[in-house]
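Student: The structure under discussion is supplied below as structure tokens; questions concerning it will follow.
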There are 2 protein chains.
Amino acid sequence: MSAFSSDFKLGILGGGQLGRMLIQAAIDFNIYIKILDADPHAPCKPFAHEFVQGSLMDFETVYAFGKNVNVLTIEIEHVNVEALEKLQSEGVKVYPQPQVIRTIQDKRVQKQFYRQHSIPTSDFVLVDDKDSLAEHHHFLPAFQKLGKSGYDGRGVQRLSSASDLHKAFSEPSVLEKAVDFEKEISVIVARNVSGEISVFPPVELVFHPVHHLVEYLFAPAQISGLILAQANEIAIGVASKLQIVGLLAVEMFVTKTGEVLVNESAPRPHNSGHHTIKANATSQFEQHLRAILDLPLGSTAAKTFAAMVNLLGEDKYNGDAKYDGMEEALAIEGVYVHLYGKKTTKPFRKMGHITIIDNNLEALQTKVQQVKDRVKVIA
Amino acid sequence: MSAFSSDFKLGILGGGQLGRMLIQAAIDFNIYIKILDADPHAPCKPFAHEFVQGSLMDFETVYAFGKNVNVLTIEIEHVNVEALEKLQSEGVKVYPQPQVIRTIQDKRVQKQFYRQHSIPTSDFVLVDDKDSLAEHHHFLPAFQKLGKSGYDGRGVQRLSSASDLHKAFSEPSVLEKAVDFEKEISVIVARNVSGEISVFPPVELVFHPVHHLVEYLFAPAQISGLILAQANEIAIGVASKLQIVGLLAVEMFVTKTGEVLVNESAPRPHNSGHHTIKANATSQFEQHLRAILDLPLGSTAAKTFAAMVNLLGEDKYNGDAKYDGMEEALAIEGVYVHLYGKKTTKPFRKMGHITIIDNNLEALQTKVQQVKDRVKVIA
């Protein structure tokens, strides 16, 4: 069935900000959208044609939700894959495919996938608990990442030396050799049902030193043509080998010796692609829709330099969100705000983002600092 | 109350495609939106926080609708102005202001406003009925426009000579001298609560010769610096003299002798500004929100050449809309579709639009023809 048919329905697992921006893009295609989320106040709720409250991890809930949609997609990878497999076997088009989600949602399986397919990635060992991790103390400094249930900085920690072993997670996880990197970049690649592939220009990520959340990003990344070629080849390689349909965000380290190593991937629209709404010919959200609806992919050309600042809840504030300094920020030329409609803030919660565009990179960086200094999410 | 407060409510009179695109922009600001429209299947319905079905022309309906919102705006000017005046007197911020809507919604009053304020416009006479019109047969060729209730080509007709007088409307109307124009252009100007004014680059309109609807437009218009300066001065002049808060689309003729004359204005987002979503730093919809919410206006800079093609229902097709050739059109680089979510099509109904961006004007024009040849709205 054509996506432009009036009977067509798209289901999305997850009703957070990524789903919300997907809906904004889907309005242009007049796509009927059905959302599943456990939170009755999910950011998508006011804009979904149909909203179902329920757990993304529950087999029956996901299965019942997906039975009457034509295409089912995700905005978060922590979903019940068994239900997706059953839906797929019964004719629902599930994009990204259940096997892709299965590979990516467990960071242990994901890392092994890179190794099996000769995709450059940092060295790692799999550990089952604290004791088996202790055997690998010579492997430190490293990052311990929980296989499952880690998300947005939760379930990831740096273990610098044997003296950190007491704080290790005692669950199945992957221990990844710390990479001495120059830059961290992300390439968002799209692959549609017909196998057409397209990459967005790489973005450069700057992380908060403590909270491991992206603090801001610049696009296009300031990297050499050689690094650009490697990054694109790797991102396209991962998407091709996964045979994913939809978006894949491939986060990579550029090492001080000029190597490009995959850190991790996400099979969906990604925080590192929000600037594409304002700065690229096609946004990541429209591109995801084009990919999963088997439409031709759009141009990913960057029209300007762009920066994206996550609006995180200020530390120590809990309660009904207030946005300080917004008028001042919007007075700066090229500043655009995107709020996610979350009623309550808490420390470091992603409440929105601000995109800043400027054709001059230095002016852009100045504006980023102005925006970061002025806008605060408090309660 | 700040627009970013969680208690803030914006009311919009009208739930058509302009309201729908306003909502898409308002999602970024997390604005609570309440819509009034007579059509229970209005394009805005699925995306409004609150949808009220009712007549925009009925005093009680409009008054009751507007009583509990903080700011009230319009996406169509055919609304009950008396109700807006009462709401304004009771503290609701009504933008554009009732007196602006009153001036513009009657084309007779609008034309007199231009004359009173020395705004260049074509010569005209006011006529009350067919008989009084007949007295002005020496004034032909001219356009007869109904004072009220004309919209989108309805209520406007060309009377070439005395032999056309039999088909004249017998209602209060304005008879406007036909202008021998070189181009028809539109300048969208925004004025916010604080009086800040900003203009978008002019666009060039191409009308369907029979149906008087915009068939496509190019932006920025290909005009001389001198014409550009005149057009901007006139558009800013109209907005300043009206003291409008919100968007004002000023349609103008550029005559063969290099004069710029106002044709007519609309106090809201406009069909001639749809390309700004893809092609300008700030879209007309976000700009309207910034203006009426007393936020700083955004940059109107054009990032590329753009064309906009209205997707009209094909002649002779009535019923559930089908979109032919969409996949082929989307395969062309720089082609973006916006459907309005109208279930049924009828001849020449505005069902959506297609924006085409290209840095090369000739390539852009070729793509416009390809899109127009391929995409058809049928039933």
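Every number in this text was worked out from the coordinates using simple rules, so none of it is lab data. These figures come from a predicted structure and were not determined experimentally. FYI the Cβ positions are ideal-geometry reconstructions off the backbone, even for glycines, and counts take in every protein chain you see.
Student: Partner chain Cβ atoms within 10 Å, averaged over the residues of B:323-329 - can you pull that number for me?
Tutor: 3
Student: Hey, what did the stretch A:190-282 get for relative contact order, percent, Cα under 8 Å, at least 6 apart?
Tutor: Contact order relative to length: 25 percent.
Student: Okay, moving on. Only residues of the stretch A:115-130 count here: report those whose backbone N is under 20 Å from the spot 7 Å along Cα→Cβ of residue A:165, or say none.
Tutor: Output list for this probe position: A:124-130.
Student: Name the residues whose placed amide hydrogens come within less than 5 Å of the amide hydrogen of residue B:94, ignoring near sequence neighbours (fewer than 5 apart) on the same chain.
Tutor: B:72
Student: Over the stretch A:203-255, what per residue volume does the convex hull of the Cα atoms give, in whole Å³? Write out the running numbers ahead of the final one.
Tutor: Details: hull volume 5.6 nm³, N = 53.
It is 105 Å³ per residue.
Student: To the nearest µm²/s, what D does Stokes-Einstein give for the stretch B:123-177 at 20 °C and 1.002 mPa s, using the Kirkwood radius over alpha carbon pairs as Rh?
Tutor: 200 µm²/s
Student: Of the listed peptides A:59-65, B:101-107, what is their order by residue-averaged count of other C-beta atoms within 10 Å, with the highest listed first?
Tutor: B:101-107, A:59-65
Student: Quick one: Cα centre-to-centre distance for the stretch B:238-314 and the stretch A:37-74, in angstrom?
Tutor: 39 Å
Student: Give me a single rounded figure for B:16-28: the average over its residues of other chain Cβ atoms within 10 Å of their Cβ. If you can, show how the numbers build up before the last one.
Tutor: On the way: counts 0, 0, 0, 0, 3, 2, 0, 4, 6, 1, 0, 12, 12.
Average neighbour count from other chains, rounded to a whole number: 3.
Student: Specify the residue with the greatest mean-square fluctuation among B:332, B:74, B:234, computed from a Gaussian network of chain B linking alpha-carbon atoms under 10 Å apart.
Tutor: Among B:332, B:74, B:234, the largest mean-square fluctuation in the Gaussian network model of chain B belongs to B:332.
Student: Sorted from shortest, what are the nm distances separating the label point of residue A:226 from equivalent points in the other copies, each placed 7 Å from Cα along Cα to C-beta?
Tutor: 5.7
Student: On to the next question. State the answer as a single residue: which of B:2, B:365, B:139 lies farthest towards the positive end of the charge dipole of the protein assembly as shown, with beta carbon charges of +1 for Lys and Arg and -1 for Asp and Glu, about the Cα centre.
Tutor: Result: B:2.
Student: Could you identify which residue out of B:263, B:30, B:80 has the top mean-square fluctuation in a GNM of chain B using Cα springs shorter than 10 Å?
Tutor: Result: B:30 has the largest fluctuation of those listed.
Student: List, shortest first and in nm to one decimal, how far the label point of residue B:5 (7 Å from Cα along Cα→Cβ) is from its counterparts in the other copies.
Tutor: List, nearest first: 4.9 nm.
Student: Please compute the volume of the convex hull spanned by the alpha-carbon atoms of the stretch A:152-276 and report it per residue in Å³.
Tutor: Per residue, the Cα convex hull of the stretch A:152-276 comes to 121 Å³.
Student: Right, next: With springs only between Cα atoms under 10 Å apart, run a GNM on chain B and tell me which of B:316, B:93, B:148 wobbles the most.
Tutor: Comparing B:316, B:93, B:148 in the GNM, the peak value goes to B:316.
Student: Please get the size of the charge dipole for the protein assembly as shown, origin at its Cα centre, with Cβ charges of +1 on Lys and Arg and -1 on Asp and Glu, quoted in debye to the nearest 20.
Tutor: In debye, rounded to 20, the protein assembly as shown gives about 480.
Student: Place the peptides B:355-362, A:33-40, A:160-167 in order of packing, highest mean first, counting for every residue the other Cβ atoms within 10 Å and averaging per peptide.
Tutor: A:33-40, B:355-362, A:160-167
Student: Tell me the relative contact order for chain A as a rounded percent, counting alpha carbon contacts under 8 Å between residues six or more apart.
Tutor: Here the relative contact order equals 13 percent.
Student: To the nearest 20 debye, what is the magnitude of the charge dipole of the stretch B:123-177 about its Cα centre, counting +1 on the Cβ of each Lys and Arg and -1 on the Cβ of each Asp and Glu?
Tutor: About 220 debye.
Student: Next question. Given an 8 Å cut-off on Cα distances and at least 6 residues of separation, report the relative contact order of the stretch B:123-177 as a percent.
Tutor: Once normalised by length, the contact order is 55 percent.
Student: If each Cα of chain A is one equal point scatterer, what is log10 of I(q)/I(0) from the Debye formula at q = 0.09 Å⁻¹?
Tutor: Reported log10 I(q)/I(0), two decimals: -0.51.
Student: Treating the beta-carbon of each Lys and Arg as +1 and of each Asp and Glu as -1, no other charges, what is the dipole magnitude of chain A about its Cα centre, to the nearest 20 debye?
Tutor: Using only the charged Cβ atoms, the result is roughly 320 debye.
Student: I'd like to know which of B:296, B:223, B:338 lies farthest towards the positive end of the charge dipole of the stretch B:181-378, counting +1 on Cβ of Lys and Arg and -1 on Cβ of Asp and Glu.
Tutor: B:338
Student: Per the Kirkwood formula on distinct C-alpha pairs, the Rh of the stretch B:181-378 is how many angstrom? Intermediate results must be reported in sequence, preceding the final value.
Tutor: On the way: mean 1/r = 0.0578 Å⁻¹.
So the Kirkwood estimate lands at 17.3 Å.
Student: Determine, for the stretch A:181-378, the count of lysine pairs separated by eight or more sequence positions (or lying on different chains) whose alpha-carbon distance falls under 19 Å.
Tutor: 25
Student: Using 5 Å bins from zero, what percent of all Cα-Cα pairs in the stretch A:9-94 falls into each bin?
Tutor: P(r) for the stretch A:9-94, in whole percents per bin: 3, 18, 30, 26, 16, 7, 1.
Student: Shifting gears a bit: Mark the label point 7 Å from the Cα of residue A:365 along Cα→Cβ and return the residues of the stretch A:297-314 whose backbone N is within less than 17 Å of it.
Tutor: A:305-309
Student: Quick check on chain A: helices-only [θ] at 222 nm, where DSSP H runs of length 4 and up contribute -39,500 (n - 2.57) each and the sum goes over total residues. Nearest 500, please.
Tutor: -8000 deg cm²/dmol
Student: Give the Rg (one decimal place) followed by the Dmax (whole number) of the protein assembly as shown, computed from C-alpha coordinates and expressed in Å.
Tutor: Cα-based Rg and Dmax for the protein assembly as shown come out at 27.8, 103 Å.
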